[in-house]
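One structure is given here, and the rest of the page talks about it.
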Amino acid sequence: GDSVTQTEGPVTVSESESLIINCTYSATSIAYPNLFWYVRYPGEGLQLLLKVITAGQKGSSRGFEATYNKETTSFHLQKASVQESDSAVYYCAVNYGNEKITFGAGTKLTIKP
Amino acid sequence: GPKVLQIPSHQIIDMGQMVTLNCDPVSNHLYFYWYKQILGQQMEFLVNFYNGKVMEKSKLFKDQFSVERPDGSYFTLKIQPTALEDSAVYFCASSSQLGGYEQYFGPGTRLTVL
């Protein structure tokens, strides 16, 4: 069935270092689902970080980037230089053309000052 | 940005009782959702709702669950009767359109069934 797999947390990175959180999805329902990264900052609700709905395109927000790779069915989240304020839980999510979103398990990211 | 509110933030009830979780969606949104996250597990889709009707539901949306939004008031999830396995955080979301448009999420209601 439809599923999303992402880097298992927790992940700890030092400030100013680079980051990658891996995400792969299954493509059993449809070939080209819509892809999202959501983020939950401490004490806040889930919010959309970025989304890409076209294969081959890259989305970016707040210094984060993710590219929709249909060959590898991946949507890895990357940032060149993290900040302490990036500490949060990150969720990869996929919409398979119906009206629900399938979420990954979440990756808790802690940035060390 | 647009905000979805959920009331209460935490609810503790005894097994077998009824509970209603309330969601105040973004004001001009027409599509509403509930998701369930058991502690330590993934957030999972329960149901979506539009124009007074359930459009799609998952196998987690048991017969004891119901949703409604009477006359533009809160979008509610009612569980009657509750069971121990209903303990989870329930997230409400809303969107302005279908087809992969952004869903805005509330902060969640933590339900504890004793």
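The values are calculated or read from the model by the stated rules, or taken from the named source; none is laboratory data. This is a predicted model, so every value here is computed, not measured. Methodologically, a virtual Cβ is constructed for each residue, glycine included, from the backbone with ideal geometry; neighbour enumeration extends over all protein chains shown. When the accessible area is computed, the model is the full protein with side chains, heavy atoms only, and any ligands, DNA or RNA have been set aside. Shrake-Rupley method; radii C 1.70, N 1.55, O 1.52, S 1.80 Å.
Can you name every residue in region B:28-54 that is over 16 Å from B:D86 (Cα atoms) and touching a residue at least 12 places away in the same chain (Cβ under 8 Å)?
B:N28, B:H29, B:L30, B:Y31, B:F32, B:Y33, B:N48, B:F49, B:Y50, B:N51, B:G52, B:V54
Restricting attention to region A:74-113, and to residues there that are within 14 Å of another protein chain (Cβ to nearest Cβ) and open to solvent by 50 Å² or more (accessible area, probe 1.4 Å), which single residue is farthest from the chain's Cα centre (by Cα)?
A:G97
Among all residue pairs at least 6 apart or on different chains, which show Cβ distances below 9 Å where the first residue, located in region A:89-113, is farther than 13 Å from A:S3 by Cβ and the second is acidic (D, E) and open to solvent by less than 20 Å² (accessible area, probe 1.4 Å)?
Listed by first residue and then by second, the contacts come to A:L109/A:D86; A:I111/A:D86.
Tell me the residue from B:Y74, B:Y50 that is open to solvent by 20 Å² or more (accessible area, probe 1.4 Å), of a type outside the set (D, E) and within 12 Å of chain A (Cβ to nearest Cβ), please.
B:Y50
Of these, B:T82, B:T20, which one is more than 26 Å from A:Y90 (Cα to Cα) and part of a loop (DSSP other than H, G, I, E, B)?
B:T82
Can you pull out every residue in region B:89-107 that is open to solvent by 10 Å² or more (accessible area, probe 1.4 Å) and at pLDDT 95 or above?
B:V89
Conditions tested, residue by residue: (1) under 23 Å from B:G106 (Cβ atoms); (2) under 13 Å from the mean Cα position of the chain (by Cα); (3) of a type in the set (G, A, S).
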site	(1), (2), (3)
A:T7	no, yes, no
A:L35	yes, yes, no
A:V39	yes, yes, no
A:Q57	no, no, no
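Out of all the residues in region B:26-45, is one or more in a strand (DSSP E or B), open to solvent by 70 Å² or more (accessible area, probe 1.4 Å) and within 12 Å of another protein chain (Cβ to nearest Cβ)?
yes
Going residue by residue through region A:56-71, is there one that turns out to be small (G, A, S) and touching a Gly at 6+ places or on another chain (Cβ under 6 Å)?
yes
For region B:69-88, what are the residues that are in contact with a Gly (Cβ under 8 Å, 6 or more places away or on another chain) and modelled with pLDDT under 95?
Selection gives B:R69 alone.
For region A:37-59, which residues satisfy the criterion of being among the small types (G, A, S) and open to solvent by less than 80 Å² (accessible area, probe 1.4 Å)?
A:G45, A:A55, A:G56, A:G59
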